[in-house]
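**Q** Have a look at this one.
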Amino acid sequence: MLASIRRLIGLLALLGAAIFPSFPSSAQGTPGFVQVISVEGNKRIEADTVRSYLSIGIGDSFDPVLINDSLKSLFATGLFADVNMRRQGRTLIVSVVENPIINRLAFEGNRRIKDDVLSGEVQLRPRVVYTRTKVQNDVARILEIYRRSGRFAATVEPKVIQLKQNRVDIIFEINEGEVTGIRKINFVGNKRFSDGDLREAIQTKETRWYRFLTSDDTYDPDRLTFDRELLRRFYLKRGYADFRVASAVAELSRDRKNFFVTFTVEEGERYRLRETLLESSLKDLSVDELKANVSTEVGDWYNADKVEENIQQLTDAIGSLGYAFVEIRPRLDIDRDDRSISLTFEITEGPRVYVERIDIHGNFRTLDEVVRREFRLAEGDAFNTAKIRRSRQKIRNLGFFEKVEITNREGSASDKTIVDVDVAEQATGELSFGAGFSSLDGPLADVSIRERNLLGRGQDLLTRFTLSGRRQEIGLQFTEPYFLDKELSAGFDVFNRETDQQSESSFDEDSIGAGVRMGYAITDFLGHTLRYGLRRDKIEDVDDDASRFIRDQEGTTVTSLVGHSLLYDKRDNRFEPTEGYFLRLSNDLAGLGGDQEYLRSRVGGGTFYSFTEKVIGSLTGETGYIFGLGQDLRISDRFFVGGQNLRGFGTAGVGPRDSASDDALGGNVFLTSTADVSVPLGLPSEFNIKGSVFTDVGTLFDVDGDGSEVEGDDFSLRASVGMGLTYVSPLGPIRVDYAIPVLREDFDEKESFRFSFGTRF
């Protein structure tokens, strides 16, 4: 019996040892309660700090659950590399091994991505506690950065260098690897459009040697997602309302150097518009008055872009009638048997939402206020989709950003929204070189340095130098677009120009002057500019055989003039318009001081039309009239035609001339017009090479004074036809024009070839 009891006690002792292996029984063999918590191994962290993380405390029993929770809590702090607990009598001893402190963080082997970029992405910092988990996470972050830049073969090896006082140096050894390109882009399921057409529609490109200045031929998962949207827009614009991208898969080659991208698409059928209807739930709103704002026509192919344009036009029109909260949704009723769509614009009262905040992202150089002042609504205004679209257009027209996206999200309350503006800045500085050659002028060099976004404030500064065999000019222009923080532009101009007119008119001209100007917006599309200029002109070195009209004008004159300009601009883009029109009117009055008195007027305009997505037509023209107020005009104030404004003819190559000296005399009336069609050349779009065919028409006449020696002083039209090439190279735009006169007078000067070159920085 006694032996059995002893064996039972021994078995219980063994079981207790198995359950509490790190907590041996006290000398007395009683479980008891915790009376003391002792911390060992801590050097940097206070003992009380360690105790504060424990789940067990003084007076608690030595409960394995509490002890296990305490271990987890201490490890979760990230402060310790190892933690151990043991019992000694009624004392709980906590032994810790502290994680080291990072002394220095360094990157080695990184050439493509700078240290400051990597430092901004990783979590580790000097004087931060080192843990293996943080290092592993940062390795993953660095690899993700390289993958987004197209380097999937990059590797990162972290090195830990132990230092004194429990400190370490962390060095990330990076092997960037080669750029992971796109070997091939395939499309599955496309029958209506070829693979080449769809490759043109997306942003991702196949790797080619000539794409060394772009990253579009490297794999980027975000870009692939955007490509899905581009394909959707491509098909919806062409009537395929059922189109969808079933999948977009990128497979990495075994050598990890290239990707094979495959898009699987379902095109569906193509639909025409069967009818276009307007439905309104707004009180007192007549839909009949709005039909003029709908440009889609029955029988046209369905076009999602046109639908969006009509929504904007309708929103603008309804907003002008006093309806601040409007929501317009297109409803499509698809008849798949008839392959037609009934389009209904549903006009309802939108939610009463106000702009809580406007957040701007991506403008690292441009100040927020430069973007914010282009908005057609402010914080606190009623949210208006049409004004958002107009704001986006105005920001794009600044020319400071290659991408402008505006979205909105829910604000702090249900009736508030936050507007997010995401922009991607582009180069705004320009270092332009112009070059040309003609039988009259010889070589021409033109250098201009311009910054259209000076110091990120939207200011425009231009310095220009021109040097040729016949002209030397230096000039400075400065424009502040928001003078005194108001929608008021102000600027000044100074110049000094010396022109050798011997080959055209047998004299030299030296002009120096300055001017100030101020402009403001009357409406969103109509602007007005006022200006004042003061100029001194000197006609000298008149040839002995020059025309008497020129010999009589030798000497110095001073011109003081005031003027104004009106510009109505409805182009979709000021720099590369594809549709819309503009009208311009200007008048200048000289005679407020000085010794010249005249009135000069100019009227011009242009219209642009997209025949197809790649064929853009334009028709522009300008006419001008100047007359003296009680005196004849000097030759330096007259109009001249030829060269840039009438290709195929030399500078000042048309118009009245002296029959004896062949000097160009200029004219008081001119007219020029250009019809141009931009045509595709069949080259990939990333080549940025555009072709054009054009015809120029112009005339110049009406010279003050009578004389039988004047010829060509009549309304005689000149015309030329030609073709041109424009290459937007990485170093800037290159333009080549070749024109042949088809209507000319015998005394006109010809110039068939013109060339210009520019670069941007």
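The values are calculated or read from the model by the stated rules, or taken from the named source; none is laboratory data. These numbers come from a predicted model, not from an experiment. Using ideal geometry, Cβ is built from the backbone for each residue, glycine included, and neighbour counts are taken over all protein chains shown. Accessible surface areas use protein heavy atoms only, side chains included; no ligands, DNA or RNA. Shrake-Rupley method; radii C 1.70, N 1.55, O 1.52, S 1.80 Å.
**Q** Scan the stretch 640-684 residue by residue and report those that are on the phi > 0 side of the Ramachandran plot and among the acidic types (D, E).
**A** Just the residues of the stretch 640-684 that are on the phi > 0 side of the Ramachandran plot, to begin with: 642-643, 648, 652, 655, 662, 666, 682.
Answer for the stretch 640-684, where residues must be on the phi > 0 side of the Ramachandran plot and among the acidic types (D, E): just D662.
**Q** In the stretch 705-733, which residue that is at pLDDT below 80 and in contact with a strand residue (DSSP E or B) (Cβ under 7 Å, 6 or more places away or on another chain) is nearest to F549 (Cα to Cα)? If you could, list the steps in order and put the result at the bottom.
**A** Initially, the stretch 705-733 is screened for residues at pLDDT below 80, giving 705-709, 727-733.
The next check asks that each one be in contact with a strand residue (DSSP E or B) (Cβ under 7 Å, 6 or more places away or on another chain); those that pass are 709, 727, 731-733.
Details: E709: 10, Y727: 44, L731: 45, G732: 43, P733: 41 Å.
Checked the stretch 705-733; the qualifying residue nearest to F549 (Cα to Cα) is E709.
**Q** Continuing with this model, one more query. Working only within the stretch 519-553, note down all residues that are open to solvent by 40 Å² or more (accessible area, probe 1.4 Å) and acidic (D, E).
**A** D524, E540, D541, D543, D544, D545, D552
**Q** Show me the strands (runs of 3 or more DSSP E) entirely contained within the stretch 555-614 in which 3 or more residues are out of contact with any Gly (no Cβ under 8 Å at 6 or more places or on another chain). Even if it seems obvious, please write down each step before you answer.
**A** On the way: elements: 555-569, 580-594, 598-610.
In the stretch 555-614, the matching strands (runs of 3 or more DSSP E) lie at 555-569, 580-594.
**Q** If the requirement is being over 28 Å from G515 (Cα atoms), of a type in the set (S, T, Y) and open to solvent by 20 Å² or more (accessible area, probe 1.4 Å), which of these qualifies: T556, T607? Working first, answer last.
**A** Working: T556 fails: over 28 Å from G515 (Cα atoms).
The unique qualifying residue is T607.
**Q** Could you tell me whether any residue of the stretch 642-651 is surrounded by fewer than 24 Cβ atoms within 10 Å (Cβ to Cβ), without any contact (Cβ under 8 Å) to a residue 60 or more places away in the chain, more than 38 Å from the chain's Cα centre (by Cα) and assigned to a loop (DSSP other than H, G, I, E, B)?
**A** Scanning the stretch 642-651 turns up no residue that is surrounded by fewer than 24 Cβ atoms within 10 Å (Cβ to Cβ), without any contact (Cβ under 8 Å) to a residue 60 or more places away in the chain, more than 38 Å from the chain's Cα centre (by Cα) and assigned to a loop (DSSP other than H, G, I, E, B).
**Q** Right, next: Of the residues in the stretch 108-153, how many are open to solvent by less than 90 Å² (accessible area, probe 1.4 Å) and at positive phi?
**A** 2
**Q** Within the stretch 217-224, is there a residue that is hydroxyl-bearing (S, T, Y) and either touching a Pro at 6+ places or on another chain (Cβ under 8 Å) or over 30 Å from S340 (Cα atoms) (or both)?
**A** The initial filter retains those residues of the stretch 217-224 that are hydroxyl-bearing (S, T, Y), namely 218-219.
Then keep just the ones that are either touching a Pro at 6+ places or on another chain (Cβ under 8 Å) or over 30 Å from S340 (Cα atoms) (or both); that gives 218-219.
Checking the stretch 217-224: at least one residue is hydroxyl-bearing (S, T, Y) and either touching a Pro at 6+ places or on another chain (Cβ under 8 Å) or over 30 Å from S340 (Cα atoms) (or both).
**Q** Select from the stretch 273-295 the residues that are crowded, with 16+ Cβ neighbours inside 10 Å and within 31 Å of the chain's Cα centre (by Cα) and write down the one among them that is nearest to P221 (Cα to Cα).
**A** Among those residues, the one meeting the criterion is V294.
**Q** Is there a residue in the stretch 39-50 that is in contact with a helix residue (DSSP H, G or I) (Cβ under 8 Å, 6 or more places away or on another chain), open to solvent by 50 Å² or more (accessible area, probe 1.4 Å), modelled with pLDDT of 50 or more and not aliphatic (A, V, I, L, M)?
**A** Initial filter on the stretch 39-50 (in contact with a helix residue (DSSP H, G or I) (Cβ under 8 Å, 6 or more places away or on another chain)): 39, 42, 50.
Narrowing the set further to residues that are open to solvent by 50 Å² or more (accessible area, probe 1.4 Å) leaves none.
No, the stretch 39-50 contains no residue that is in contact with a helix residue (DSSP H, G or I) (Cβ under 8 Å, 6 or more places away or on another chain), open to solvent by 50 Å² or more (accessible area, probe 1.4 Å), modelled with pLDDT of 50 or more and not aliphatic (A, V, I, L, M).
**Q** Now for a separate question. Please go through the stretch 250-272 and give me each residue that is open to solvent by 40 Å² or more (accessible area, probe 1.4 Å) and within 21 Å of R208 (Cα to Cα), ordered by number.
**A** E251, L252, R254, D255, R256, K257, F260
**Q** Among the residues of the stretch 196-224, count how many are open to solvent by 50 Å² or more (accessible area, probe 1.4 Å) and either without any contact (Cβ under 8 Å) to a residue 12 or more places away in the chain or in contact with a strand residue (DSSP E or B) (Cβ under 7 Å, 6 or more places away or on another chain) (or both).
**A** Here the count works out to 6.
**Q** Could you grab me the full set of residues in the stretch 55-88 that are touching a helix residue (DSSP H, G or I) at 6+ places or on another chain (Cβ under 9 Å), assigned to a helix (DSSP H, G or I) and open to solvent by 50 Å² or more (accessible area, probe 1.4 Å)?
**A** P64
**Q** Now for a separate question. In the stretch 325-368, what residues are under 30 Å from the mean Cα position of the chain (by Cα), of a type in the set (S, T, N, Q) and open to solvent by 20 Å² or more (accessible area, probe 1.4 Å)?
**A** Across the stretch 325-368, the qualifying residue is only N363.
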